[in-house]
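Supplied in structure tokens, the structure appears directly below.
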Amino acid sequence: PHRCASLFFGRNEEGGIRCVYHGWKFDVDGNCVEMSSEPPGSSFMEKVKIKAYPVKECAGLLFAYMGPDPAKAPLLPRWDVLARDDAKRNIIVLPIHNRNWLQIQENTVDTIHTYYLHGHMSVMKNLPTLAQGGYFYRPITGFDWAVCRWGIEKTCTYGGDKSELEVRPPLLFPNILRIPEGPIEALHFRVPVDDVNTNLYWLNCRPLQKGAKKQDVAPIWDNPWANEEGRYIPDQLNAQDMMVMISQGDITDHTTENLVEGDRGVVLYRRTLLAEIEKVERGEDPLGVI
């Protein structure tokens, strides 16, 4: 609020953050508490205030409430992966994805792709993903989606020799994937930076043996999908997903799509997003808010 230089470069100090340009210091509520160029007791300092967003820490992640009224901030949902105290957790912070967050999240309710993208391709190309992909390589005889308290439920019916009704973890509204990965239980957060860039944070939780102590979170920077030249390779399930999502363009032009029965989950998710946006515009709480 002084000369419009960004506090991104500010220095964290006891009781606040100090601007590197002229040394003005602000506390966690956005109040200016020090002005190096003003005399002590200056009343002008009381008039200067910047926006401040309440932040909570949970499982090694920082969650900021950026809504209009901090006093009405909802509770931080304590999803099982965040809250359980009998597990070893680690965070994977992925390189920024130069695509709109929505097309990444829509993959969560795209049930049919698991057969072809993960199952069929793994078998036909004999990829390292064969063990995981083989699970999905069964004829799909039915599928369904439904809005639930926390997001969208998903079910898939397999036929053939290994018939099964698979109840997949729900899409946690609006931008989280809850998924089991072998012995690991995981949350994938898809956090938009702007219209065409998305940050991805994976929180992995591995339950410990009975009697073992909880272990601290260890942040990890990882890029499991690309080679040194930046080319995406299909040797991991996540790389397979990224290849198709990134090929859809920065912001997918949905007017060129031809949606069919197998896309009902995607359609339901889009309609739910629009309905929840209208609720917020009316001053109501959206889906999943406590």
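Run through all the Cα pairs of the chain and give the fraction in each 5 Å bin from 0, expressed as whole percent.
With a bin width of 5 Å, the distribution comes to 1, 4, 9, 12, 14, 15, 13, 10, 7, 5, 3, 2, 1, 1, 0, 0, 0.
How large is the helix-only mean residue ellipticity at 222 nm for the chain, computed as the sum of -39500 (n - 2.57) over DSSP H runs with n ≥ 4, divided by its residue count, in deg cm²/dmol to the nearest 500?
Mean residue ellipticity, 222 nm, calculated: -4500 deg cm²/dmol.
What angle, in degrees between 0 and 90 and rounded to the nearest 10, separates the Cα long axis of helix 264-281 from the longest principal axis of the Cα atoms of the chain?
So the inclination is approximately 20 degrees.
Extension gain R11-D250, at 0.36 nm per residue separation less the Cα-Cα distance, in nm?
Gain on extension, R11 to D250, equals 82.6 nm.
Within straight cross-link reach of K154, meaning Cα distance under 29 Å, which lysines are found once same-chain residues fewer than 8 apart are removed?
K88, K125, K162, K279
Could you tell me how many degrees, from 0 to 90 and to the nearest 10, lie between the Cα long axis of helix 237-246 and the main elongation axis, the longest principal axis, of the Cα atoms of the chain?
Helix 237-246 and the main axis of the chain meet at about 70 degrees.
Students often get this wrong: which residues of the range 66-102 have the backbone nitrogen under 19 Å from the point 7 angstrom along Cα-to-C-beta of A52?
Of the residues in the range 66-102, 66-74 have backbone N under 19 Å from the label point off A52.
May I ask you to derive the FRET efficiency for Q209 and A146 from their Cβ-Cβ distance with R0 = 51 Å, giving the value to the nearest 0.05?
0.90
If one computes the Cα centroid of the range 155-197 and of the range 26-43, what distance in Å separates the two points?
Between the Cα centres of the range 155-197 and the range 26-43 lies a distance of 48 Å.
Then there is this: Which residue, G142, G16, G265, tops the fluctuation ranking in a GNM of the chain built on C-alpha contacts under 10 Å?
Evaluated over the chain, the most mobile residue of the options is G16.
Going highest first, how would you order 250-261, 27-38 by mean Cβ packing within 10 Å?
Answer by packing, highest mean first, reads 27-38, 250-261.
Moving on. Tell me, which longest segment in the chain has none of the trypsin sites (Lys or Arg not before Pro) that fall in DSSP loops with at most 10 further Cβ atoms within 10 Å?
With trypsin sites (Lys or Arg not before Pro) excluded where exposed in loops, the chain gives 52-148 as its longest stretch.
Rule-based calculations on the coordinates, nothing more; no lab input. All figures in this text were calculated on a predicted structure; none of them were measured in a lab. Here Cβ is always computed from backbone atoms with ideal geometry, including for glycine, and neighbour counts include all displayed protein chains.
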